[in-house]
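What follows is one structure encoded as structure tokens, with my remarks underneath.
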Number of protein chains: 2
Amino acid sequence: MQTVNVELGERSYSIHIGNGLVASSLKEVDFKGGIALVTDTTVSRQPWFSKLLKELSGLSSKVVCLEVEAGEKAKSLSVFSHLCSRLAEERFSRSATVVAVGGGVVGDLAGYLAASYLRGIKFIQIPTTLLAAVDSSVGGKTGVNLPEGKNLVGAFYQPQRVVIDLDFLKTLPERELSAGMAEVIKYGLIRDAAFFEEVAKGRPTDLAPLIKRCVEIKAEVVAVDEREESGLRAILNFGHTLGHAIEQSVGYGKLLHGEAISIGMVAATLLSERNCGLSEGTVSRVRLALEANGLPVHYPGLSFEQLQPALLRDKKTTAYGIQWVLMPEIGRTELCSDISEAEIRQVLQKIV
Amino acid sequence: MQTVNVELGERSYSIHIGNGLVASSLKEVDFKGGIALVTDTTVSRQPWFSKLLKELSGLSSKVVCLEVEAGEKAKSLSVFSHLCSRLAEERFSRSATVVAVGGGVVGDLAGYLAASYLRGIKFIQIPTTLLAAVDSSVGGKTGVNLPEGKNLVGAFYQPQRVVIDLDFLKTLPERELSAGMAEVIKYGLIRDAAFFEEVAKGRPTDLAPLIKRCVEIKAEVVAVDEREESGLRAILNFGHTLGHAIEQSVGYGKLLHGEAISIGMVAATLLSERNCGLSEGTVSRVRLALEANGLPVHYPGLSFEQLQPALLRDKKTTAYGIQWVLMPEIGRTELCSDISEAEIRQVLQKIV
């Protein structure tokens, strides 16, 4: 088992990575107030799920399983409201723990539930997708979508612990694993050129070292800028400004989050070439790395008009315009809010 | 203008008390991101409201007024959801500020909105009832009700500032002012015997010193135990365990919150006589003080069976039973979880 710590003062916690480690890594947690396990209909069908449930039942005398429909639609205030009522019906008290078992949707929804129920109860993340393991399960961003946009409502709420059990990732479909690699490649691009070179070759069989490096980077960034105030945490949004807009305007379900981010990163790399001196040739290195990991680098038919409403609604929009994360060289980023519509239109033509 | 500080490290803020002080006490706040003013249909009809709106418009070029129906029903996840969407439609960014202008319902709802929209934006409380001024606007408890119970969903989220303009309290109906006195008397009972003796005589004409003393006590308690973890903040719930249950089972709207708390405090005083040595005669002093302030001390027809579901659902319920705040003598409290059903039934007979 490997451990990475997220240093956040009294909100510090550890991330455990390994095989079959759920019971052992949670055994000293106080579960006397019971466990509200939040998961989805895909996860609960996995062959390992009943074993996990049994292990959790060994840790607490009260385990209530709350299952939501798989997919982005569950990340809504109406599902959130339903889950709040379920916790109240089950009379969970302030000493209860919400345990999220699933991908980013389940983690974000369950985290906001834990942050809000009785104004905050304990929270544990057990990510079951590569994307959730390397990204959304770490750092305390929780929340749901509004009809008006993605992640517009939520809380910064850190988990007590993150348990990444590699056994759960073994049953993931190839496409899900590829989507996760988009965020993995992102960490290399924004913070570690050597790591980028490694993952540019394609996904390795042993995911443990790769996941460890990603969560190390994320932990470093979050420790410095937990609430995305200083600008540092914003670098994690590399590729996400256009990525989110693409995801939203194409419609959830057509592209996986990681796939949209992959296309968004190509766009951000193109914008970096034009605006902050990224050397020629890097765009194709980034494209090749994404393709080597089974990721899309364009989406035919996208138009600026289609993306514009979502772009303007992006949380990263300041009073002064959209805040872009650019990359002057692999491994380093800078923020830029001064990109014209004309430039975005030109870059769009290269990803359609 | 008088000022009380709430010392919470980087979340510290000041409470300003005075007449006609909104514009002056907010002039150095950064309102460049615009103001989402949350209020209700009663407040927006007050003679001073249009002047307040004009003053806020002088502080920010964008002021959007979001009005909810007056009453406890607005404190729901569906109204919360509607307000989140309104902020998104108006394209408020992270630099926006939610300003609550109203009583406890508006403050709690708007505070949870500020805590949640884009995972947290600035928040300012302008309480317009005595109850909100001395209690709910200070300390960062925000949230909404569920069909299953009161305040079951929310956040600890401190405002940037609390502005208590006594001019706004002048148009309050007598019954509202009396209801506010219940929380005022509570501060005396739990923390300051001399203050209790003062307010036991009835409501004074000049409310400023009284409000100042209440928010000083609340600020002290909140500074030590912001998230109700050490047990200290729990003392603010004196009278609230039964008070909330009465409010819920009688039905919101029949009794004002302060009126239910008044009856709840009589019950808590009776329980204190039986369980922690409160001297004989204190119950009648407490009753007389409440009556001198126009508050009810009983509610005919209440039964244990009627209150039980709400009691069990109380957030203060631990795994071991309900946590009661008792008062061994005026000005001092202790926590107690060991009160039998039979005792509660006996005490109930004295408040019906």
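The values are calculated or read from the model by the stated rules, or taken from the named source; none is laboratory data. Computed from a predicted model, the values in this text were never measured in an experiment. Quick reminder, even Gly has a Cβ in these numbers, built from the backbone with ideal geometry, and neighbours come from all protein chains shown.
Figures for the structure shown
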read-out: Those residues of the stretch B:268-299 which are free of Cβ contacts under 8 Å to residues at least 12 places away in the same chain and closer than 21 Å to residue B:344 by Cβ, in sequence order; value: B:273, B:280, B:284
read-out: Residues of the stretch B:248-267 that turn out to be of a type outside the set (Ser, Thr, Tyr) and at pLDDT 95 or above, as a count; value: 9
read-out: Search result, residues across the stretch A:244-260 that are in contact with a strand residue (DSSP E or B) (Cβ under 9 Å, 6 or more places away or on another chain) and part of a helix (DSSP H, G or I); value: A:244, A:246, A:247, A:248
read-out: Matching residues, the stretch A:12-49, being small (Gly, Ala, Ser) and not in a helix (DSSP H, G or I); value: A:12, A:14, A:18, A:20, A:33, A:34, A:36
read-out: Positions within the stretch B:22-52 being surrounded by 18 or more Cβ atoms within 10 Å (Cβ to Cβ) and aliphatic (A, V, I, L, M), in sequence order; value: B:22, B:26, B:35, B:36, B:37, B:38, B:43, B:52
read-out: Verdict on residue B:193 being more than 14 Å from chain A (Cβ to nearest Cβ) and in contact with an Asp or Glu (Cβ under 9 Å, 6 or more places away or on another chain); value: yes
read-out: Sole residue being over 30 Å from residue B:212 (Cβ atoms) and modelled with pLDDT under 95, chosen from B:86, B:94; value: B:94
read-out: Unmet criterion (only one of (1) crowded, with 24+ Cβ neighbours inside 10 Å; (2) under 25 Å from residue B:57 (Cβ atoms); (3) of a type in the set (S, T, N, Q)) for residue B:160; value: (1)
read-out: Sole exception among (1) of a type in the set (S, T, N, Q); (2) under 23 Å from the mean Cα position of the chain (by Cα); (3) surrounded by 18 or more Cβ atoms within 10 Å (Cβ to Cβ); (4) within 24 Å of residue A:141 (Cα to Cα) for residue B:12, by number; value: (3)
read-out: Test: residue in the stretch A:50-70 that is under 30 Å from residue A:221 (Cβ atoms) and part of a loop (DSSP other than H, G, I, E, B); value: yes
read-out: Odd one out for residue B:35 among (1) within 25 Å of the chain's Cα centre (by Cα); (2) touching a residue at least 60 places away in the same chain (Cβ under 8 Å); (3) more than 16 Å from residue B:90 (Cβ to Cβ); (4) within 14 Å of chain A (Cβ to nearest Cβ); value: (3)
read-out: Hey, residue A:278 closer than 21 Å to residue A:197 by Cβ, part of a loop (DSSP other than H, G, I, E, B) and of a type outside the set (Gly, Ala, Ser) or not; value: yes
read-out: Count - residues of the stretch B:293-331 that are modelled with pLDDT of 95 or more and either in a strand (DSSP E or B) or within 14 Å of another protein chain (Cβ to nearest Cβ) (or both); value: 5
read-out: Top-ranked residue in the stretch B:87-104 [being in contact with a Ser or Thr (Cβ under 6 Å, 6 or more places away or on another chain) and under 18 Å from residue B:125 (Cα atoms); ranked as nearest to the other protein chains (Cβ to nearest Cβ)]; value: B:104
read-out: Check on residue A:220, acidic (Asp, Glu), surrounded by fewer than 24 Cβ atoms within 10 Å (Cβ to Cβ) and not assigned by TED's automatic domain parsing to the domain that holds residue A:74; value: yes
read-out: Residue match in the stretch A:116-133 (condition: within 11 Å of chain B (Cβ to nearest Cβ) and either of a type in the set (S, T, N, Q) or surrounded by 24 or more Cβ atoms within 10 Å (Cβ to Cβ) (or both)); value: yes
read-out: Leading residue by the ranking (surrounded by the fewest Cβ atoms within 10 Å (Cβ to Cβ)) among those in the stretch B:76-86 that are under 24 Å from residue A:309 (Cβ atoms) and facing chain A (nearest Cβ under 8 Å); value: B:85
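For (1) in contact with a strand residue (DSSP E or B) (Cβ under 9 Å, 6 or more places away or on another chain); (2) part of a helix (DSSP H, G or I), each residue gets a yes or a no:
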position	(1), (2)
A:171	no, no
A:178	no, yes
A:182	no, yes
A:190	yes, yes
A:196	no, yes
A:203	no, no
A:222	yes, yes
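Matching residues to (1) within 14 Å of chain B (Cβ to nearest Cβ); (2) modelled with pLDDT under 95:
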{"site": "A:135", "(1), (2)": "no, no"}
{"site": "A:142", "(1), (2)": "yes, no"}
{"site": "A:150", "(1), (2)": "yes, yes"}
{"site": "A:153", "(1), (2)": "yes, no"}
{"site": "A:162", "(1), (2)": "no, no"}
{"site": "A:168", "(1), (2)": "no, no"}
{"site": "A:177", "(1), (2)": "no, no"}
{"site": "A:180", "(1), (2)": "no, no"}
